[in-house]
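The values are calculated or read from the model by the stated rules, or taken from the named source; none is laboratory data. Predicted model, so just to flag it, every value in this text is computed and none were measured. All Cβ positions, glycine included, derive from the backbone under ideal geometry; neighbour counts span all protein chains shown.
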Amino acid sequence: MNTERFLERALFDMLKTKPVTRVFVSDLLGEVGVCKATFYKHYCDKYDLLQKCFRNSFYAEILAHAENFDQFVAQSLSSFRKNPKVVLNAMPPEDPSGLFGYHVGLLCGFLRKEYGFRAGGSNENLIRAYARTVTEVTLEWLSSPRLAPAEEIMRLIRALYPSGLQV
């Protein structure tokens, strides 16, 4: 259990200075002092570690308290604002197999749950496109030199809600 926490902490610390695409398992192994077999005993790859790291550091609390999509987005914005560099380095849009894709998936799940959509239904492509847009808007907000108030971003996210999505 401690090994997992040490690896998560090492990844989190590395994301403060470089994007996940430039973090290598060998870097993490050297930082924590474990062998490759130990790493792969706990994780499939660095993206598995990344998702578990964010699940423990950010999403566990958000998922425990968010009762609807608006709350999920608001709590994500609040949580991400505390460590914007880490979030930006962890979610490059050009690497959707990592945390970016995971975040989009969580947003889709909340939309499905809140509105009773079923996975793979007629609205699936629209839900995915909207969730991807919300994630991109969030990352754009975090990368701006001066963070606008979260309420402004929430208004934008609501305004971008697709009219073709039946609720």
(request) Consider only pairs whose beta carbons are under 7 Å apart and that are at least six residues apart or on different chains; among these, list those whose first residue lies in the range 78-92 and is in contact (Cβ under 8 Å) with a residue 24 or more places away in the chain and more than 13 Å from S144 (Cβ to Cβ) and whose second residue is small (G, A, S) and outside any loop (DSSP other than H, G, I, E, B). (result) S78/A150
(message) Restricting to the range 1-24, and then to whatever is more than 13 Å from L88 (Cα to Cα) and in a loop (DSSP other than H, G, I, E, B), can you tell me which residue is farthest from the chain's Cα centre (by Cα)?
(response) M1
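Which one is nearest to the chain's Cα centre (by Cα) among residues in the range 149-163 that are of a type in the set (G, A, S) and exposed (fewer than 11 other Cβ atoms within 10 Å of the Cβ)?
Filtering the range 149-163 for residues of a type in the set (G, A, S) gives 150, 159, 163.
Narrowing further to those that are exposed (fewer than 11 other Cβ atoms within 10 Å of the Cβ): 159, 163.
On the way: A159: 22, S163: 25 Å.
This residue is A159.
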(request) Please name all residue pairs, on different chains or six or more residues apart, with Cβ atoms under 9 Å, provided the first residue is in the range 39-63 and is within 15 Å of G101 (Cβ to Cβ) and the second residue is among the β-branched types (V, I, T) and not in a helix (DSSP H, G or I). (result) K46/V23; L50/V23
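How many residues are small (G, A, S) and touching a Ser or Thr at 6+ places or on another chain (Cβ under 8 Å) when one looks only at the range 131-167? I'd like the intermediate steps shown before the answer.
Taking the range 131-167 as the starting set, the residues that turn out to be small (G, A, S) are 131, 143-144, 148, 150, 159, 163-164.
Within this subset, residues satisfying the condition of being touching a Ser or Thr at 6+ places or on another chain (Cβ under 8 Å) are 150.
Within the range 131-167, residues that are small (G, A, S) and touching a Ser or Thr at 6+ places or on another chain (Cβ under 8 Å) number 1.
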(request) Would you tally the residues in the range 62-94 being of a type in the set (D, E, K, R) and more than 20 Å from D13 (Cα to Cα)? (result) 3
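Among the residues of the range 134-145, write down those that are modelled with pLDDT of 85 or more and either under 16 Å from F54 (Cβ atoms) or out of contact with any helix residue (DSSP H, G or I) (no Cβ under 7 Å at 6 or more places or on another chain) (or both). Steps first, please.
Residues of the range 134-145 that are modelled with pLDDT of 85 or more, as a first pass: 134-144.
Scanning the range 134-145 gives T135, E136, T138, L139, E140, L142, S144.
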(request) Could you tell me which residue of the range 134-148 is nearest to N83 (Cα to Cα), considering only residues that are within 17 Å of the chain's Cα centre (by Cα) and surrounded by 14 or more Cβ atoms within 10 Å (Cβ to Cβ)? (result) L142
